[in-house]
Amino acid sequence: MINFDPNVRPLVSPAASGWEKIAPEGGSVAPSAKSGFLNAIEAAGKYVSRVDDLQQASDASIQDLLTGKNNDITSVVSAVAKADVSFKVLVGVRNKLIEAYKQTMNMPL
Amino acid sequence: MKVDNTFGPVDIAVSGMRAQGQHMEVISSNIANARTADAGGGQPYRRLETILRAQTEGVSGVVVDQIVGDQSPMQRLYDPGNPQADASGHITMPNVHLPAEMMNLSIASRSYQANAALLRRYQRMVETTLELLR
């Protein structure tokens, strides 16, 4: 059972870890400037594993149904519905992230 | 009472579908055994009733709490030629009434449909929300 936070606070709240090491020292980027984008990618990466868990649970329940280990079809429906919804969330977030990246990269400087 | 779970409606609707499925199983047993004079131990089949219970207090799914026997009296049918008839020529038959079972079956099937409709509607709702991402 996953309980994902529907608001995008994790995506915009900058976590302190990781970014300072990547930021070029003495460059134009101030050390205090933290990227929300990197955190968004990291959060999406963590979400991928949860989506994968749900997908595998749904696969396992389908297998159990087909092999006769479990004949409760409603649990299969539940697992598949959860996997479907979480995957759609993941795809939506990923599309949005990539779109944002592309828009940034195509910005004329 | 926590209601911020995204998969809450899915779980609750599925628990309703499961409970109604079990209810339908009990009803089918009642209908199949409507004329079973001997359900083991020489006693006629006793009609079974499903008792539902909420999983937790507040917002929750439903589970089948227990399946109990209907305590209403068995039917007495006049059938003097039957070898199982007693001195007055009556035989004891199950306390299953088919019209009542058909109504219970309709209720169970409509309730199952309602839960399935809720699941479908909720999925569409989530998809509508995700459309906003595009």
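Read-outs: derived from the displayed coordinates by stated rules, not from any lab. This structure is a prediction, so every number in the text was calculated from the model and none was measured. Every residue, glycine as well, gets a Cβ built from its backbone with ideal geometry; the counts of neighbours run over all protein chains shown.
Key figures
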| item | result |
| --- | --- |
| In order through the stretch A:58-68: 3J(HN,Hα) via Karplus (6.51 cos²θ - 1.76 cosθ + 1.60), integer Hz, x for Gly, Pro | 5, 4, 5, 5, 5, 4, 4, 5, 6, 8, x |
| Between the stretch A:44-69 and the stretch B:29-107, the alpha-carbon center distance in angstrom | 40 Å |
| Relative exposure of B:PHE7, A:PHE37, judged by other C-beta atoms within 10 Å (fewest first) | A:PHE37, B:PHE7 |
| Calculated FRET efficiency for the pair B:MET103/B:GLN43, C-beta based, R₀ 25 Å, to 0.05 | 0.45 |
| Loop sites in the stretch B:1-94: GluC sites (Glu not before Pro), DSSP, at most 15 other Cβ within 10 Å | B:GLU57 |
| Length-normalised contact order for chain B - Cα pairs under 8 Å, 6+ apart - percent | 30 percent |
| Amide H partners (placed H, <5 Å) of B:LEU52, local residues excluded | B:ASP65 |
| Cα gyration tensor shape for chain B, rounded if a/c is under 1.5, else prolate or oblate | prolate |
| Cα-projected label distance for B:SER88 with A:ASN95, points at 7 Å along beta-carbon direction, nm | 7.5 nm |
| Degrees between helix B:8-32 axis and first principal axis of chain B (Cα, 0 to 90, nearest 10) | 10 degrees |
| Calculated FRET efficiency for the pair B:SER28/B:SER60, C-beta based, R₀ 25 Å, to 0.05 | 0.40 |
